[in-house]
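Visitor: First the structure, then my questions, so here it is.
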Amino acid sequence: MKTKFKTGGCLCGAVRYEIKGPLRDSIACHCVQCRKTSGHYVSATAVHKLDFEIIEDTGLKWYQSSSYAKRGFCSACGSSLFWDMDDRDLMGVMSGTLDGKTGIKTSTHIYVGDKGDYYELTDDLPKFDGYEK
Ligand SMILES: [Zn+2]
């Protein structure tokens, strides 16, 4: 039986990935780093690193965004794709880079204390000033 992989990638195709396992629901992060790298805020899913494979990396660059995490982006088209925290089994994947229907929902807003003043959060989802838990 053939497993149906989820796929995704950047705008130009110089970064492509495959996911062979379940996707966590998407978490919207309003921290300053996510706002700067995305231009607004980020909503990201997470997958187990064992279920995650980068199949095209010609454009992939990593930026060490903090002492404990780096962000993957495409150096050709500028798409922000990954958030990888050291020593963590999960890879954060920006949900907007998934191809087609994702089958997940946004579950939570985090770092709402850092959000921009030019938008409001009007949904009923849980909101945390920092990271949940
Ligand atoms: Zn690209």
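Read the figures in this text as sums done on the coordinates, not as results from a lab. Just so it is clear, the structure is predicted and the values come from calculations on it, not from any experiment. Positions of Cβ are backbone-derived with ideal geometry, glycine not excepted, and every protein chain shown enters the neighbour counts.
Visitor: Send over the Kirkwood Rh of the chain, from the inverse of the averaged 1/r over different Cα pairs, rounded to one decimal Å. Before the final figure, lay out each step's value.
Guide: On the way: mean 1/r = 0.0655 Å⁻¹.
For the chain, the Kirkwood estimate is 15.3 Å.
Visitor: Quick one: Val47, Val42, Val32, fewest Cβ neighbours within 10 Å first, how do they rank?
Guide: Ranking Val47, Val42, Val32 by Cβ neighbours within 10 Å, fewest first, gives Val32, Val47, Val42.
Visitor: At a Förster radius of 22 Å, what calculated FRET efficiency corresponds to the Cβ-Cβ distance of Lys49 and Asp123, to the nearest 0.05?
Guide: Result of the calculation: an efficiency of 0.15.
Visitor: Relative contact order of the chain: what whole-number percent is it, with Cα pairs under 8 angstrom and at least 6 residues apart?
Guide: It comes to 27 percent, rounded to a whole number.
Visitor: By count of other Cβ within 10 Å, fewest leading, how are Cys77, Cys31, Cys10 ordered?
Guide: Placing the least packed residue first, the sequence is Cys77, Cys31, Cys10.
Visitor: How would Tyr41, Tyr119 line up from fewest to most surrounding beta-carbon atoms within 10 angstrom?
Guide: In order of increasing Cβ crowding within 10 Å: Tyr119, Tyr41.
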